[in-house]
Structures are given as structure tokens and as C-alpha cells.
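No value in this document is a laboratory result; all are computed from the given coordinates. These numbers come from a predicted model, not from an experiment. Note that each Cβ is placed from the backbone with ideal geometry, even for glycine, and that neighbours are counted across all protein chains shown.
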Amino acid sequence: MNLSITNFDSYQEKYQQSIKNPDQFWEVIASQFKWQKKWDKVCSWDFNQVDIKWFEGAKLNITENCLDRHLPQKANDIAIIWEPSEPGQPFIQLTYQQLYEQVCQTCSMLKELGIEKGDRVCLYMPMVPELLIAVLACARIGAVHTVVFGGFSANALAERIDDAGCKLLITTDGAKRGHKIIPFKQIVDEALALSKHIEKTLVYRHLGEKCAMQQGRDIWWHELSQNQPSEFIAVAMDAEDPLFILYTSGSTGKPKGVVHTCAGYMVWTAFTFQNVFQYKEGEVFWCSADIGWITGHSYLTYGPLLSGATTLMFEGIPTYPDASRFWQVIERHRVNIFYTAPTAIRSLMAHGTTLPEQFEMESLSVLGTVGEPINEEAWQWYFNYIGKRRCPIVDTWWQTETGGIMIAGLAGVTPQKPTFASYPLPGVQPILVNENGKEITEPSTNGYLCIKYPWPGMLRTTYGDHERCIQTYFSTFPGLYFTGDGAFRDELGMYRINGRVDDVINVSGHRFGTAEIENAINLHPNAIESAVVGYPHDIKGEGIYAYVIFEQNEINEEQLIHEIKDLVIKQIGKIAQPDYIQLVQGLPKTRSGKIMRRILRKIAAGQYDELGDTSTLLNPECIEFLKEGQKSLMTSS
Ligand code: WT7
């Protein structure tokens, strides 16, 4: 699927081909995969009803393309390198043959547990090889995996299990994250007390600590895996059968289950992986994202394995045991391509250049970033001190919904410009529109970023609620997929993503709906109303700032703030914990009662002189109080 684009001219040529005759373009790419039956039609689509089909009529199994297709030629090549959280512990390498066998054995375990094609299986696990193996086993047996990031709370886990109607849950006894122990199984037990669907849980023993096992429901992985056969015939899937559900936050309260399907997602992740990173056989690719996010699905698991690559999986965090851990891992495993988030770069940058200088990182040839806009300073630091000015940086813009990279440079092939994701990949047709949905064609302008033509990896629906998919993504600007981002396009046609234009905040590359956090806060009996906004944060990109109108009945304010934080942690997880909570008596509202978030964002950022006209507010008098409160919060912290 590597297009063998070697320079900017050939990129432009391929790009033109891909939009002039998309079906022909994708047919050539798709024919390089292993199909049980070829498609009847490449693409059919309707953005109004959101009825999108790619490679309709085809039969396949994505794991035959991740595993079987590479055997026996790549039997002894390393598929996964696993680096444990504790630096002293041995790492693990699995060859393509070993990975194949373990996936097959796991399929037999799933079968014994009653899992069939179409069943939903929830994976709530730390970054251990068994997570990746379980993902592939689900795909091979035709079950729909839904991975829930290990940083989510029991409540958030239960909500996702129920929405997807999962039958089986796979977890571990626990895991270490930095110095802390995360009791995975205990969190699962709490979640299952709230949820009805799960019939069985499969528990992989990772820490070796004692954990409660419920008879009849909980089964040990190491017991069930005994004597399972090392072959399992991949279930034939229709091109448009669901492959997985992944929950993501939007501007409304409840997270949405984004659904990706088998064939299109496969073609898209392999195609984008090979072209953006310019992966060459034998290279070690390291994506530092957790499999619980889309980046971990597409570029730690599927994209690399579909390409026969060696993918590195790291259980730990960048700052444990100290802030040189990433550089140590790059040296230890001679990583060639490193793909991480701007937030990680900024946090490591704060520790200076002496740490990376101590490690031999000559193996690096390509660097990537994902998840949020990268600021110029972080880009330069990454380029100078990690890539030593030798390595191109690909700033990759995409979303959970897009399945894979949409706008990005092709490493070393297309020109790069710091803070610009740059050009659309072949097959991607972006368009900037104004608030009325009218296309903006002038060079050097900002607009709402939309996509006007389908691409194989796009979402097909939101699980259990197709109407919500139509409303959220395809109705703001009829006939277009709306990304929720604003972007700038320069005179050369390069895109810079400015960030979200909806009520979504991006904290360390993770997405939260402000409404979702507000809903959690409002559960507190003393909270009357709340408004959550993002504010600029040096490391996290955006921090979480909550204004809460509270009931003033002899309550200790410090205690209340503490309880509200705990509530958010309980409802969503530590990752969504507000940085600041300001207790207030009123929020700026329009005459129709709508909260003026724009003003709240400016106050949270301390940009008092950019509030604009506040005279039309219903309650302009509250502004002074809000400013005072913000000032004292900032000085007291
Ligand atoms: C949102 C999607 C893509 C996988 C990780 C996040 C922001 C993503 C970039 C980038 C500027 C970016 C956008 C997007 N975003 N990549 N390279 N430059 N912004 O996936 O949780 O679905 O979030 O992340 O705002 O809409 P996600």
C-alpha cells in the first residue's frame, strides 16, 4: 500500500488521482490485501442519511491480514516488543508466529466462554501484550471489541458496558502506573455492581496480587488458556460488519460509541501508516499511546501489524522512574519511528536537554505527533534535541471518528512547516466553510474544517443511535462531515488546526465534553448549576476550569471543592478532574438564559480585556465577581 511517493510532485499527482477517480485509486490499494471474497462495489455513500459502504460484498478477516498473510515468511520476525513499566524487568518479544498462536488460543478461550460473531466484548486492561492479543482475538472470532481506557472510573466503565451491551469483560488483577498500583479487578467489580450485561469476566494475572474472584462469573486467563489449540479459523466477516466500538466525548453529555467496520478501517490504517511514516521493513515503530484510545488501535495495533512491522508497546509512563524513560526505551530497543503527543513532549521538555543527551538515539529516523496542536517551541525542541535535526516530524491530524490520519506530511517526502499538520492524504478532501456553510476558497483564511467526500476509515454510525451520528457530524453543514475543529489554510494549501470550535476540550490530547463534566458536578447536592471551560495550560494544552453556582447553607467552601473533584473522579476518572473550581453566585447569561461560555473562557484565561461587549447580558454585574474570584484562585494556587 506504500504509494512509493518520493517527492512533492508525486504526492500531488497521486492526490489528484485519488480525487479524480477515487474508486479506481482505492481498488488498486485494496487489492494488496488478503480477501476471502472480493468486493462488488468500491464505495457507495449518502452523507444525509449517513449510509456509507466501502468494498461492499467483500469477505475478509482483518487478522488474516495482520497475521496469516505474513506467515510463514515473517514467522521469526518480531511483531511486538513489550517494555514493562518497571525498567529493571525483562522485556518481551513476540514473533509473528508466536503472536498468531496466542491470538488463536485466545479465540478458543473466547469460544469456550460463549462468544460468537457480533457479540460485544469489553476490554479494560493495562498495556500488557494480552490486551493486544485479546483485541485481535475478538476481531478473529468476529466479536466487536470495545476497549475502555484504564484511567476511566468504575462508573464510566459501567456506562460503556451497558451502552454497548457487552457480554464478556477482559481485565487483569491490577497494574502499576508509576509508583501507584491500579486495582483493575476491583474497579471492574464496582462497575459490574452497577451494570447488568456482563456474564463472564476473564482475568489475566499480571501483578500476581490477591484479588477477589466471583465463582461462576470470574475466570482466570492462565487456567482457561491451558491446552488451547494454536490454530483457529478466522471468521468470515462482511466488509461492513462492525470491527469495534470506541467511546469518545462530544459536546453533549453522554459519550458516543463510534463504530468502525472491517474492510474500510483495515485499508485506511495500513495505507496511512505506511505512507505517513514511510515505514520500511525491519524498522521498529513506537506509538506511545494507550490502546484504550484510537491512536493505540490504529497505530500501535492494526496499522503496524497489517504492514508486518515491529510495534513497540510500553506499559509505563514517560516520567517513571524519571523523565528520561522515553529516551531510555528508544535506546534500548533501537526505535526508528517514534510517535507521541505534544503534551508528552512539553512535559519532558520542562526537564531540559541533558536527559535526552545521555542516550544514544541515532536509530531514530522519523518523529510524529498526534492529538492536539503542537506549539512552535515544543516542535523545535522535538526536532532539535530528539531528532537531532535529522528526522522529519509528521504532525498528524485526525480523530476517533476518522479512524486514521487525515491531514499530515509524508515523512521526508512532503515539505514540513512547524505547527502545520500540512497536506491532506490522498483520498482526503477537506474543505473550509464559514458559519453559513459556504465554502471559503481564498488563501490564508480560517474556517470550519469539514470533509466533503467519504474515505474508507470513516465512522459508520454511533452505536445504538444512528440519528445521533447524523445530528452530530452531518447536519451542522448539510452534505459535509463536520470535524468540530477550526483550521487555517495558508497560501500553499497547508492546514494548521486551530482546535475545537465546539464544547469539547482537549486535555493532554484527550477529549472531554464540557457537558459531561458539568453533569458529574451537578450531581453534588450543593451544586445548583455549573459551567466548564478549557483554559490554556503550558503542559496539558488545555486545562479544565469549572464555575459552580452553589447553595450557600453554611457549607465549608474548601470541603465543597474537594467533594466536587472527588465526584468527577468517581463519575469519569482522574483524567477529567478540574484543575480549578471557582464557586460563584451567578454565571453570565444572555436574555434567553444561555450561558455565555466565550466570556467564561476569557476570564478563566485571565484575558479580562478581551471580554467584548457585556452590556447585553442579563446579569452583567456578575462579571466583576467572576474576575475577582479567578484572580484569587490563581494567586492562592
Ligand atoms: C481531536 C480528536 C487523533 C487521535 C488522538 C485524538 C485534536 C488531533 C491533532 C493535530 C491539532 C489535533 C483535534 C481533533 N487533534 N490531532 N495533529 N493537530 N489538533 O483523537 O480524542 O478523537 O480527538 O484532537 O481537535 O478534533 P480524539
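Regarding the stretch 312-384, what is the average projected area of its C-alpha convex hull, in nm²?
4.6
Tell me, how many Å apart are the Cα centres for the stretch 60-113 and for the stretch 562-578?
37
When only C-alpha pairs under 8 Å and at least 6 residues apart count, what is the relative contact order of the stretch 201-332, in percent?
15
Going highest first, how would you order 467-473, 127-133 by mean Cβ packing within 10 Å?
Final packing ranking: 127-133, 467-473.
Which value in Å is the Kirkwood Rh of the stretch 508-636 over different Cα pairs? Each step should come with its number before you reach the end.
Numbers: mean 1/r = 0.0668 Å⁻¹.
So the Kirkwood estimate lands at 15.0 Å.
In cubic angstrom, how much convex hull volume per residue do the alpha carbon atoms of the stretch 114-234 span?
So the per-residue hull volume is 102 Å³.
Let me know the shape class of the stretch 29-165, please: from the alpha-carbon gyration tensor, a ≥ b ≥ c as square roots of the eigenvalues, rounded when a/c is under 1.5, otherwise prolate if a/b is greater than b/c, or oblate.
On the way: a/c = 1.94, a/b = 1.18, b/c = 1.65.
Oblate shape, in that a/c is at least 1.5 and b/c is the bigger or equal ratio.
Positive end of the dipole of the chain, charges at C-beta (+1 Lys, Arg; -1 Asp, Glu), about the Cα centre: which of SER31, THR514, GLN358 has its Cα farthest in that direction?
Of the candidates, SER31 comes out farthest on the positive side.
Please report the orientation-averaged projected area of the stretch 308-466, defined via the convex hull of its C-alpha atoms, in nm². Please list the in-between numbers first.
Numbers: hull surface 49.0 nm².
Computing the convex hull of the Cα atoms and averaging its projections yields 12.2 nm².
How many nm is it between the label spots at ASN7 and SER592, if each spot is 7 Å from the Cα in line with the beta carbon?
5.6
Given charges of +1 on the Cβ of Lys and Arg and -1 on the Cβ of Asp and Glu, with all other atoms neutral, how large is the dipole of the stretch 508-636 about its Cα centre, in debye to the nearest 20? If you can, show how the numbers build up before the last one.
Numbers: 14 positive and 18 negative charges, 107 e Å.
So the magnitude is around 520 debye.
What full-extension length gain, to one decimal in nm, is calculated for THR354 and GLN17 as 0.36 nm per residue of separation minus the Cα-Cα distance?
Stretched out fully, the THR354 to GLN17 stretch lengthens by 116.6 nm.
Give the residue from ILE555, SER592, ILE623 lying farthest towards the positive end of the charge dipole for the stretch 508-636; charges sit on Cβ (+1 for Lys and Arg, -1 for Asp and Glu) and the dipole is referred to the Cα centre.
SER592
5 Å is the cut-off here: which amide hydrogens, built 1.01 Å from N in the peptide plane, fall below it relative to GLN93, excluding neighbours closer than 5 in sequence?
TRP82
Please provide three numbers in whole Å: the alpha-carbon extents of the stretch 84-183 along the principal axes, with the largest listed first.
The principal-axis extents, from largest down, are 41, 38, 16 Å.
Under 5 Å between amide H atoms, partner at least 5 residues away or on a different chain: which partners does ASN498 have, H built in plane at 1.01 Å?
GLY486, ALA487, PHE488
Report ³J(HN,Hα) in whole Hz for each residue of the stretch 302-318, in order, from the Karplus equation J = 6.51 cos²θ - 1.76 cosθ + 1.60 where θ = phi - 60°; Gly and Pro get x.
Residue by residue, the stretch 302-318 yields 5, x, x, 5, 4, 9, x, 8, 9, 10, 9, 10, 10, 7, x, 10, x Hz.
On the first, second and third principal axes, largest extent first, how far apart are the outermost C-alpha atoms of the chain in Å?
73, 63, 55
Suppose every Lys and Arg Cβ carries +1 and every Asp and Glu Cβ carries -1, with no other charges. What dipole size does the chain come out with about its Cα centre, to the nearest 20 debye?
740
Filter the cross-link list LYS53/LYS594; LYS200/LYS280; LYS38/LYS74; LYS111/LYS280; LYS34/LYS117 down to pairs whose alpha-carbon distance in this structure exceeds 31 Å.
Details: LYS53/LYS594 39 Å; LYS200/LYS280 42 Å; LYS38/LYS74 25 Å; LYS111/LYS280 36 Å; LYS34/LYS117 20 Å.
LYS53/LYS594; LYS200/LYS280; LYS111/LYS280, as the Cα separations exceed 31 Å there.
Take the Cα pairs of the stretch 147-306, get the Kirkwood Rh, then feed it into Stokes-Einstein at 4 °C and 1.567 mPa s and tell me D in µm²/s.
Working: Rh = 17.9 Å.
Answer, rounded: 72 µm²/s.
Just to be sure I understand the rule: take each whole DSSP H helix in the chain, project its Cα atoms onto its long axis, keep it if the span is 20 Å or more and its mean Kyte-Doolittle hydropathy is at least -0.5. Which ones pass?
Helices meeting the criterion: 262-277, 557-571, 622-636.
Take each of the peptides 434-444, 262-272, average the number of other beta-carbon atoms within 10 Å over its residues, and list them starting from the highest.
The packing order, highest mean first, is 262-272, 434-444.
Sequence gap at least 6, Cα distance under 8 Å: using those rules, report the relative contact order of the chain to the nearest whole percent.
Reported relative contact order: 12 percent.
Give me the number: length gained by fully extending LEU71 to LEU492, i.e. 0.36 nm times residue separation minus the C-alpha to C-alpha distance, one decimal in nm.
Numbers: separation 421, 0.36 × 421 = 151.56 nm, distance 4.41 nm.
Length gained, LEU71 through LEU492: 147.1 nm.
Can you tell me which of 24-33, 515-524, 152-161 comes out highest on packing, and rank the rest after it, using the mean Cβ neighbours within 10 Å?
With the highest mean Cβ count within 10 Å placed first, the list reads 152-161, 515-524, 24-33.
Give me the extension gain from GLU624 to ASN526: residue separation times 0.36 nm, minus the current Cα-Cα distance, reported in nm with one decimal.
Value of the extension gain: 32.9 nm.
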